[in-house]
Every structure is written in structure tokens, then in C-alpha cells.
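Okay, structure first, notes after.
The values are calculated or read from the model by the stated rules, or taken from the named source; none is laboratory data. This one's a predicted model, so the numbers in the text were calculated from it and none came from an experiment. Cβ: placed from backbone, ideal geometry, glycine included. Neighbour counts: every protein chain shown. Areas reflect the complete protein model, heavy atoms only, side chains present, ligands, DNA and RNA absent. Shrake-Rupley method; radii C 1.70, N 1.55, O 1.52, S 1.80 Å.
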Amino acid sequence: MPTLNHYLMLSAILFSIGTAGVFLRRNLITILLSIEIMLNAVNLMFVAAGRDWVSRIQPVEHALDGQIIVFFVMTVAAAEAAVGLAIVIALFRHRETLSPDAFTALKW
């Protein structure tokens, strides 16, 4: 049976992979995907911590606190993906590249 520490360790690993993807990759789409991995790592941490915290106080059936926070994080992630992809498409149409180095000035 996995414990809270197992979930937190998996969440930390996923967050590290996402952080490395943001800093090391040279493609805007990959950077957006790495941000999504980081948000899902946070979601995993919220669900695991919320379940563990509530199960200590009351029965597991009432462990919805972490899941409610995950709902808000997923909403923000969906908005981030929509806005991010729109910006990436606009930048690609203007410069015809997905390299973040081409967008250092952000003045057109």
C-alpha cells in the first residue's frame, strides 16, 4: 500500500522533470507541456496530502478538500493551455519559429 511519502516523492519527481523541461528545452510547445507536467505533479500532491490529512481526522469518504483544489488547478491549467497555445500560434505566425531565443524582445 503506497503511503503519503510515496505520492510526495512521485510528485517531486514529476515536478523536477517539468522544471527541467522548462529550463532545458528549446521549443515553446515542449515548454508548455512541461508546465502541464508541473501542474499535474501539484495536483497529485494535493490529492495525496488531502486524503492523508482528512483520513486522520474523519473517514476517507469525506476527503474532498484536496480534490476540490485539484479542480481549481485543472481549471487554471486548461486556461493556461488555451492562452499559451494561442500565444505560441501567434508568435509562430509572426516569426515562423518556435525557439524561445527568437522572442527575447517581445516588441513587434
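Quick notes on this structure:
- Signed unit charges on C-beta, dipole axis of the chain, positive-most listed residue 74, 84, 27: 27
- Nearest 10 degrees, 0 to 90: helix 65-95 Cα axis against the chain principal axis: 10
- Placing +1 on the Cβ of every Lys and Arg and -1 on the Cβ of every Asp and Glu, with no other charges, gives the chain a dipole of roughly 340 debye about its Cα centre.
- Estimated at 0.36 nm per residue, the fully extended path between residue 89 and residue 76 surpasses their Cα-Cα distance by 2.7 nm.
- Sulfur and carbon atoms: percent of accessible area, the chain [1.4 Å]: 71
- Helix 28-57 axis, angle to the chain major axis (alpha carbon atoms, nearest 10°): 10
- Label zone at residue 17 (point 7 Å along Cα-to-Cβ), backbone N below 20 Å, the stretch 71-95: 74, 77-78, 81
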